[in-house]
1. If L43 satisfies all but one of (1) hydrophobic (A, V, I, L, M, F, W, C); (2) without any contact (Cβ under 8 Å) to a residue 12 or more places away in the chain; (3) in contact with a Pro (Cβ under 9 Å, 6 or more places away or on another chain), what's the number of the condition it fails?
2. Hey, could you check the chain for residues that are of a type in the set (A, V, I, L, M) and not in a loop (DSSP other than H, G, I, E, B) and say which is surrounded by the fewest Cβ atoms within 10 Å (Cβ to Cβ)?
Amino acid sequence: MKWIFPFIDKNGDGTIDTDEYQAIQEYKKKHRHDWMDRARRELGLITPKDP
């Protein structure tokens, strides 16, 4: 799951701090069923679906 690291490491310092860890946990909770697809779309790794 190397693809997810840049999504979590918002400040780009190469580490995941407590705030970044908490943010991804909240994101996963909020988007429980499709958080991976959403994260990939936000990173530009997959084409967004038509609304």
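Every number in this text was worked out from the coordinates using simple rules, so none of it is lab data. None of these values were measured; they are calculated from a predicted model. In this analysis, Cβ positions are derived from the backbone assuming ideal geometry, glycine residues included, and neighbour counts consider all displayed protein chains.
1. Condition (2) is where L43 drops out.
2. Let us first name the residues in the chain that are of a type in the set (A, V, I, L, M), namely 1, 4, 8, 16, 23-24, 36, 39, 43, 45-46.
Then keep just the ones that are not in a loop (DSSP other than H, G, I, E, B); that gives 4, 8, 23-24, 36, 39, 43.
Details: I4: 15, I8: 16, A23: 15, I24: 17, M36: 15, A39: 20, L43: 12.
Filtering first and then ranking leaves L43.
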